[in-house]
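Written out below as structure tokens is the structure these notes cover.
Each reported figure results from applying straightforward, stated rules to the coordinates on display, with no laboratory input. Bear in mind the structure is a predicted one, so any value in this text is a computation, not a measurement. Here the Cβ is made from the backbone with ideal geometry for all residues, glycine too, and neighbour counts use every protein chain on show.
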Amino acid sequence: MHDNAPQHEYDAFAKALLDWFAAARRPLPWREHYTPYGVWISEIMLQQTQMERGVDYYLRWMERFPDVASVATAPEADLLKAWEGLGYYRRVRNLQAAARVIMEQHDGIFPDLPDAIRALPGIGPYTAGAIASIAFNHDVIAVDGNVERVFSRVFDIDTPVREKTAATRIRMLTARTLPKGRARDFNQALMELGALVCRKKPDCTACPVARFCESLHLGIPHERPVPGRRQPIVPLDVVSGVLVHEGRIFVQRRPDTGVWAGFWEFPGGRIEPGETPEEAIIREFREETDFAVRPTDKLAVIRHGYTTYRVVLHCYLLHIDASSRSAPPEHPVITAATDHRWATLADIDALTLPAGHRKLADLLAADLRFAGL
DNA sequence: GATACGTGGAA
DNA sequence: TTTCCAAGTAT
């Protein structure tokens, strides 16, 4: 298709897409009946998150927090725990902030006007459009990564879709294609097509709108969308220490800003150039707690990534080094945290940990050496 | 516009 | 194993 195609061409595209969606739509829990609260939670949860992972979290969340009021009044730690493992934890805090705005400024009723939805914390242009259309069937677009991919192929857009010219064009094309009164199904159909058919490796033989697709006609759908500049991945070697003293494990709470804000963790940090992991963990504990520690065992090497880092996490079992001056166990000198605890494994299970540290905690729980803890 | 912000699945 | 990236937002 071309931008200057006649309107009936756009309409035919929309009809083919809607007919396909009616048959191919996946039965997802938030599609059983469209409630504003359910659509909101699902949309926030699925931001930059794969569908399969989202479903389990969604069902547990709805069980635990069935409405806006329950989110507004819940302890933040409970919300965070329910979100543990999903990533982008700022979403949780924004969720609660938005819930409180809805309770206080909208009488507890989820707003239906696009501008009012957009004004809520954590809701940007995509999510505002998604809620306004999917929950309320308002005639507004919802352009996410799927829609950008689909349209970059259908209209053979040869510049990166995130750059302004292409982004503006895609939104104009989406608005022109959207059939009045059908935004709920149309927006979901476009995303569903991107998720099931027009994927990174497109399955054009199964595509209901193949006859409209310019890049397919040119034989280059796999060359669309044109990738933008990507951030380099930074490899990082990190140490983490499980300090055991009198049957308890030392954990600390991260600051309220930055990555994993407010999360609990085993102390540690980056291995500096020229440093062994053992030297690094001793230094980190001295810096962060003023404890003198002695590594007694290497527990694991855990690989995980976060945002633009690829981390190798070297994990050590530690004890207080009686031969060195150390802060007393009950009075660490906390410099990198807002709180600390001498915890049992059951305590740790109930805290919220970053994924890498949660893996370490799970290893401890399965290790007979820690059976009494 | 660039960057911070997580995680695990897929290839 | 490494790389890419999935229903983005805030700053």
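Length gained on full extension, A:Ala261 to A:Gln7: 86.5 nm, using 0.36 nm per residue less the C-alpha separation. Computed from point charges on the beta carbon alone (+1 for Lys and Arg, -1 for Asp and Glu), the dipole magnitude for chain A about its Cα centre is near 880 Debye. Selection among A:Thr307, A:Leu317, A:Leu368 by position relative to the dipole of region A:234-370 gives A:Thr307 as farthest towards the positive end (Cβ unit charges, Cα centre). Ordering A:Lys81, A:Lys180 from the fewest to the most neighbouring beta carbons within 10 Å gives A:Lys180, A:Lys81.
Work out the length of the dipole vector of region A:25-140 about its Cα centre, built from +1 on the beta-carbon of each Lys and Arg and -1 on the beta-carbon of each Asp and Glu, and round it to the nearest 20 debye.
360 debye
For region A:7-218, the Cβ-based charge dipole about the Cα centre amounts to some 420 debye (Lys, Arg positive; Asp, Glu negative; other atoms uncharged).
Positive-end ranking of A:Cys207, A:Pro227, A:His217 along the dipole of region A:195-252, with charges on Cβ about the Cα centre, is headed by A:His217. When shorter helices are ignored and each DSSP H run of at least 4 residues is given -39500 (n - 2.57), the per-residue value for chain A at 222 nm works out to -13000 deg cm²/dmol. Each of A:Lys201, A:Lys15 was scored by other Cβ atoms within 10 Å of its Cβ. Arranged with the fewest first, they read A:Lys201, A:Lys15. Distances between placed amide hydrogens fall under 5 Å for A:Leu299 paired with A:Cys315, A:Tyr316, A:Leu317, all partners being 5 or more residues away or on another chain. Sorting A:319-326, A:152-159 by average packing, meaning the other beta carbons within 10 Å per residue, from highest down gives A:152-159, A:319-326. Selection among A:Pro267, A:Val242, A:Leu353 by position relative to the dipole of region A:234-370 gives A:Leu353 as farthest towards the positive end (Cβ unit charges, Cα centre). Listed by number, the DSSP H helices of chain A that run 27 Å or longer by alpha-carbon position along their axis and have mean Kyte hydropathy of at least 1.6 come to an empty list.
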